[in-house]
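Notes follow once the structure below has been shown.
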Amino acid sequence: EKGTYSHFMLKEIDEQPFVMRKIINEYQTENNELKMDTGVRQAMNSCDRIYIIAAGTSYHAGLVGKEFIEKLANIPVEVHIASEFSYNTPLLSEKPLFIFISQSGETADSRAVLVKIKEMGHPALTITNVPGSTLSREADYTLNLYAGPEIAVASTKAYTAQIAVLAILAVDTAKTKGLSLDFDPMRELAIVANAMEVLTDQKEAIEDLARKYLRTARNAFFIGRSIDYHVCLEAALKLKEISYIQAEGFAGGELKHGTIALIEEGTPVIALATQKNVNYSIRGNVQEVVARGANDMVISMKGLEQDTDAFVIPHVHELLTPLVSVVPLQLLSYYAALHRDCDVDKPRNLAKSVTVE
Ligand code: M6R
């Protein structure tokens, strides 16, 4: 039920801090050790390469998950759009492990890949919000997202839950492999939960930004580098699917290779600046688009901010910034859709789970 909320999407955005805390509890033993299915542990430890398969927002969570698994657990990862995998099947490694990420667990494009790789005899893990779902039942292992039912077509809390569970999975794998890590995921996720709460308390400020930048916009661009780029893809999807504004996410460095031609007087360009090592370069990209007339909105992280930034998110661990930077972007999409009189929870032409290929 929506309760006092006008839309499920807003309710689900607000639930994210609680979902983070639920995940922390569910993936921790009484002795504060990581709790992980032993089959999953074995599968992660015996594979030589991971293939993440997903669609839409879940695919974007997979892109962030790749960063965790490669950087923390030292296993190579490929992330594939489910619907493309059948035609563009990569050469597989000797001991592949397939990870299916799906809120609903019913996405037909992902299921088609699962059926195919099971026929080939490869192991599969499904990370889903619905443990009894098709993808969960047909895979060898399941990890639950514990996000609670997600009703709005636009996925919000499932995305952050997927990223949190992937971070825990990466750290758990690193620990079982005996790799030394300077990263306590539960402590960092608790900090993330608090930061999310700070952001969901700032709805008015974000609503103002949506009004100012997006109420009458024809298009909008999100730019970022490194892990911020993955979040830009997600932000663009969120904005386009509920507000019908043509939105695209670009890697900052790609602007000069073509996309900067799209910038006109007043074009909204939303830049993410949460990563220290690329802060200088993304700021340079902002200057380039401003020089061509863009209406820039920089969302930065505390410690990296500049006076002219539109919005600053609290400081969290650099690897986990997507969990936090996405919150104002979800709210931005929500308010943009609201002020353009769109049907926020049920956008045109879309279904909550896509059960046809
Ligand atoms: O249930 P799934 O996570 O498999 O769904 C995948 C996509 O259909 C889904 O994320 C879709 O892109 C959302 N509407 C995005 O908000």
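Rounded to the nearest whole Å², what accessible area per residue is found for the chain with the 1.4 Å probe? Don't jump to the answer; show the numbers that get you there.
Working: 14900 Å² over 357 residues.
On a per-residue basis, 42 Å².
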- line: Normalised Cα Rg of the chain, dividing by 2.2 N^0.38 Å with N its residue count, works out at 0.96
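I need the calculated FRET efficiency for the pair Lys95 and Thr355, taking r as the beta carbon distance and R₀ as 30 Å, to the nearest 0.05.
Working: r = 31 Å, r/R0 = 1.04.
Plugging the Cβ-Cβ distance into 1/(1 + (r/R0)^6) gives 0.45.
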query: What FRET efficiency comes out for the pair Leu179/Asp48, r = Cβ-Cβ distance, R0 = 25 Å, nearest 0.05?
result: 0.95
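Kindly provide the trypsin sites (Lys or Arg not before Pro) of region 1-106 that DSSP labels as loop, not H, G, I, E or B, and whose Cβ sees at most 14 other Cβ atoms within 10 Å.
Working: sites: Lys2, Lys11, Arg21, Lys22, Lys35, Arg41, Arg49, Lys66, Lys71; in loops: Lys2, Lys35.
Of the trypsin sites (Lys or Arg not before Pro), the ones in loops of region 1-106 whose Cβ has at most 14 other Cβ atoms within 10 Å are Lys2, Lys35.
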query: Under 12 Å Cα-Cα from Lys256, which aspartates and glutamates qualify once same-chain neighbours fewer than 8 residues away are excluded?
result: Glu288
field: Computed Kirkwood radius, in angstrom, where 1/r is averaged over Cα pairs of region 1-85
entry: 15.6 Å
query: How much of the accessible area of region 1-95, in percent, comes from carbon and sulfur atoms when a 1.4 Å probe is used?
result: 46 percent
- prompt: What length, rounded to one decimal in nm, is gained on full extension from Thr38 through to Arg348, with 0.36 nm per residue of separation minus their alpha-carbon distance?
  reply: 107.3 nm
query: For the residue pair Lys212 and Thr308, what label-to-label distance in nm results when each label sits 7 Å from Cα along the Cα-to-beta-carbon direction?
result: 1.3 nm
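Share of region 202-319's accessible area from carbon and sulfur, percent, 1.4 Å?
Reported share for carbon and sulfur atoms: 48 percent.
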message: Regarding region 127-192, what's the average projected area of the Cα-atom convex hull, expressed in nm²?
response: 5.5 nm²
query: Restricting attention to the alpha-carbon atoms of region 205-357, what are Rg (one decimal) and Dmax (integer), both in Å?
result: 15.0, 48
statement: With a 27 Å threshold on alpha-carbon distance, the violating pairs from Lys22/Lys71; Lys177/Lys302; Lys118/Lys157; Lys66/Lys95 are Lys177/Lys302; Lys118/Lys157
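The values are calculated or read from the model by the stated rules, or taken from the named source; none is laboratory data. All values derive from a computational prediction rather than experimental measurement. Note that each Cβ is placed from the backbone with ideal geometry, even for glycine, and that neighbours are counted across all protein chains shown. Protein only, heavy atoms only, side chains kept; ligands, DNA and RNA dropped before computing areas. Shrake-Rupley method; radii C 1.70, N 1.55, O 1.52, S 1.80 Å.
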